[in-house]
Amino acid sequence: VRVDFNVPLDKNGRVADDTRIIEALPTINYLAEHSAKVILLSHLGRPKGHIDEKYRMDPVGQKLSELLGREVTKVDDCVGDVPREAIGRMQGGDVILLENVRFHPEEEKNGEKFSRQLAELADIYVNDAFGTAHRAHASTAGVSEFLPAVAGFLMEKELDILGRLLVHPERPFVAIMGGAKVKDKIAVVSNLLDKVDTVILGGGMSNTFLQAQGYDVG
């Protein structure tokens, strides 16, 4: 299951906001209750293709254990013998969390070999990482070429809500967008312009638009 556990951590390395973990619980619980061996995969932060101790998934695994009320085994890699051996010891209903997938540079390059290595660990691929699904990375796109692929409950909910909004919205229809990088979102803004009555921009990306209008952004 590709989840989006890219959560903020506090200065002590603990999960500061568990919203994204909570949103994934329906899919995880459903699979566990149906005796699946649940293998969770996510990125955390931007380690840029190498191991960065502050971006290890351990605190996320600890928080997930608390929320599930069951032990979650954290595995120290996401491909190769280490996860394969851990998965071999799993019983139906067990949950394990693999190490940060972005510790491998092949993830963001959507490398075919790396995608195959991820796929070798499982029988079915579930994408429940709506916030990351737009990226053509190995764990969001590449792995689906080698396994039967389905959407998780969070993905289904997000697509259902967005579908209804874009096809039959109530008026006035306002879109609020934020974030740091315009390049990820400019296509979305362009697409929404014909559908909404108002677009409200905030966050770091708003500076780009302010500067384009001639304002000094410092």
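The values are calculated or read from the model by the stated rules, or taken from the named source; none is laboratory data. Everything quoted here is computed from the prediction, not taken from an experiment. Because the Cβ atoms are built from the backbone with ideal geometry, glycine has one as well, and the counts that use them run over all protein chains shown. SASA here: full protein model, heavy atoms, side chains in, ligands and nucleic acids out. Shrake-Rupley method; radii C 1.70, N 1.55, O 1.52, S 1.80 Å.
Structure above, values below:
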quantity: Members of region 32-60 that are surrounded by fewer than 18 Cβ atoms within 10 Å (Cβ to Cβ) and out of contact with any strand residue (DSSP E or B) (no Cβ under 6 Å at 6 or more places or on another chain); calculated: E33, H34, S35, G45, R46, K48, G49, H50, I51, D52, E53, K54
quantity: Complete set of residues in region 141-157 that are touching a helix residue (DSSP H, G or I) at 6+ places or on another chain (Cβ under 6 Å) and either within 27 Å of S35 (Cβ to Cβ) or in a strand (DSSP E or B) (or both); calculated: V143, F146, L147, G152, F153, L154, M155
quantity: Considering residues of region 169-199 that are more than 21 Å from H134 (Cβ to Cβ) and in contact with a strand residue (DSSP E or B) (Cβ under 9 Å, 6 or more places away or on another chain) only, the residue surrounded by the most Cβ atoms within 10 Å (Cβ to Cβ); calculated: F173
quantity: Residue within region 122-140 that is touching a helix residue (DSSP H, G or I) at 6+ places or on another chain (Cβ under 7 Å), under 17 Å from T27 (Cα atoms), among the acidic types (D, E) and assigned to a loop (DSSP other than H, G, I, E, B) present; calculated: yes
quantity: Flag if T140 is modelled with pLDDT under 95 and either of a type outside the set (G, A, S) or open to solvent by less than 20 Å² (accessible area, probe 1.4 Å) (or both); calculated: no
quantity: Unmet requirement for Q213, which otherwise passes all of (1) of a type in the set (S, T, N, Q); (2) over 24 Å from T132 (Cα atoms); (3) surrounded by 14 or more Cβ atoms within 10 Å (Cβ to Cβ); calculated: (3)
